[in-house]
Amino acid sequence: MAKLSKKTKLKIKPVKRPKKKTVHSQDNLNSSPKSLKKHLPKQKKASINKNIKLTPGYKVLYYSTKLLFKEWSVLLRIILIYIVLYALLVLGLSAPLGVSSFKNSIPNIFHGTIGNLEKNINILGLLFSSSTSSTSSTYSGFSSILFVLISLVAIWSIRNIFNNKKFSAKDAYYNSVYPAIPFVLILILIGIQFIPMAIGLSLYNYLVIGGIAINFFEKVIAIAIIVFLILLSLYFFGSSIFALMISTLESVPPMKALRTARELVRGIRWKLVLKLLFLFVSLFIAIALIMLLDLFILPVIAQYLLDILLIIALFIVYSYIYYLYRELINE
């Protein structure tokens with residue numbers, strides 16, 4: 001064979017292998033924190049730190065609420081099915097509050113419009129407290145089961161809307177319940193994480209309002225302990241709430257979901273906590289204003305209207321949290 005001259009050297013170009021796409025389970029985040037870091041693109045490293053730029057809370061609320069309108073007809077059917085189940089299993093077992101008669105029984109301290117506003121605020125507080133408490137173990141049991149069901153359905157539906165996938169109400173109810181056990185376990189953990197806050201609020205009632213802490217120094221110490229306990233709960237909540245999103249993915253055990261969530265929020269946990277507080281305060285104000293207006297106009301439906309508003313608020317909450325979660329994984 002003829003030897004190749006130096007001028008005619010063969011130029012062999014290196015073969016470029018196609019890069020593997022980062023997949024996140026449906027968004028397929030089905031990996032441990034170590035494998036998560038390996039699959040994340042290089043710029044993701046910069047996002048797990050204090051310099052990450054998150055979308056302002058009011059914009060996240062706007063975008064996440066707007067997104068729900070993309071599949072409003074399907075979500076409406078999902079909510080109607082839930083309302084039927086709730087009416088049969090929960091409202092059917094509990095006595096109606098009787099808002100109109102209760103309103104007439106409250107004595108007026110003020111008169112006129114101010115007096116009516118005072119009454120309506122008292123009734124609103126009663127409605128909120130009755131919606132978060134249970135009258136019997138059966139009522140509480142069905143209410144808790146339905147809450148878990150609608151939460152799983154809401155997260156599954158929102159994930160599919162984000163991924164531009166079409167689905168029906170039947171699909172949402174049939175296909176969303178498989179991660180119920182990991183989801184419930186993380187919900188229980190979140191409940192445990194809020195024990196320090198509950199202790200802090202009880203201490204406030206006992207020490208500050210109850211008059212146990214008398215002088216300025218005692219009050220400062222008591223308030224400092226109370227604030228610490230509240231912040232401790234919020235600190236845990238800042239990552240566990242995203243673990244709820246991750247736990248609904250396929251074959252993700254609770255501990256892996258919690259570890260992955262801690263990796264995602266590292267360095268920006270308090271930013272996320274502030275955004276979540278903004279969400280809950282905004283929704284509370286919006287629901288309170290709608291309910292006060294209803295109590296002035298049509299108090300008979302107040303209890304049922306509050307239940308419907310809380311269901312809608314739950315979808316907005318999960319959409320907002322999922323929007324933040326997708327920002328954290330840069331998708």
Give me the distance in nm between label points sitting 7 Å out from Cα along the Cα-to-Cβ direction at ALA286 and LEU54, one decimal. 1.8 nm
Which entries of LYS70/LYS165; LYS53/LYS275; LYS66/LYS165; LYS59/LYS271; LYS59/LYS166 have Cα-Cα distances beyond 19 Å here? LYS59/LYS166
Pulled fully out, how much extra length does the chain show between MET255 and LEU149, if you take 0.36 nm times their separation in residues and subtract their Cα-Cα distance? 36.0 nm
For a footprinting-style exposure proxy, rank GLU250, GLU218 by other Cβ within 10 Å, fewest first. GLU250, GLU218
When LEU293, LEU306, LEU185 are ordered from fewest to most other Cβ atoms inside 10 Å of their Cβ, what list results? LEU293, LEU185, LEU306
If neighbour count is taken as other Cβ atoms inside 10 Å, put VAL281, VAL273, VAL177, VAL153 in order from fewest to most. VAL281, VAL177, VAL273, VAL153
In whole Hz, with x marking every Gly and Pro, tabulate ³J(HN,Hα) for the stretch 54-60 from phi via Karplus 6.51 cos²θ - 1.76 cosθ + 1.60, θ = phi - 60°. 8, 5, x, x, 5, 6, 4
Find how many whole Å separate the alpha carbon centroid of the stretch 294-331 from the alpha carbon centroid of the stretch 190-247. 25 Å
Between ALA180 and LYS219, what length comes free when the chain is fully extended (0.36 nm per residue of separation minus the Cα-Cα distance, one decimal in nm)? 9.6 nm
From phi via Karplus (6.51, -1.76, 1.60), per-residue ³J(HN,Hα) for the stretch 282-288 in Hz, x at Gly/Pro: 4, 5, 4, 5, 4, 5, 4
May I ask you to evaluate 6.51 cos²θ - 1.76 cosθ + 1.60, the Karplus curve with θ = phi - 60°, for each residue of the stretch 155-168 and list the ³J(HN,Hα) values in order in whole Hz, giving x for glycine and proline? 5, 4, 5, 5, 4, 6, 5, 4, 8, 6, 9, 7, 7, 10
Nearest-0.05 FRET efficiency for LEU80 and ASN163, computed from C-beta distance (R0 22 Å): 0.35
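Readers should treat all values here as calculations from the given coordinates under stated rules, not as data from a laboratory. It should be emphasised that the depicted structure is a prediction, and the values quoted were computed from it without experimental measurement. For neighbour counting, all protein chains shown are included, and Cβ atoms are generated from backbone atoms with ideal geometry for every residue, glycine included.
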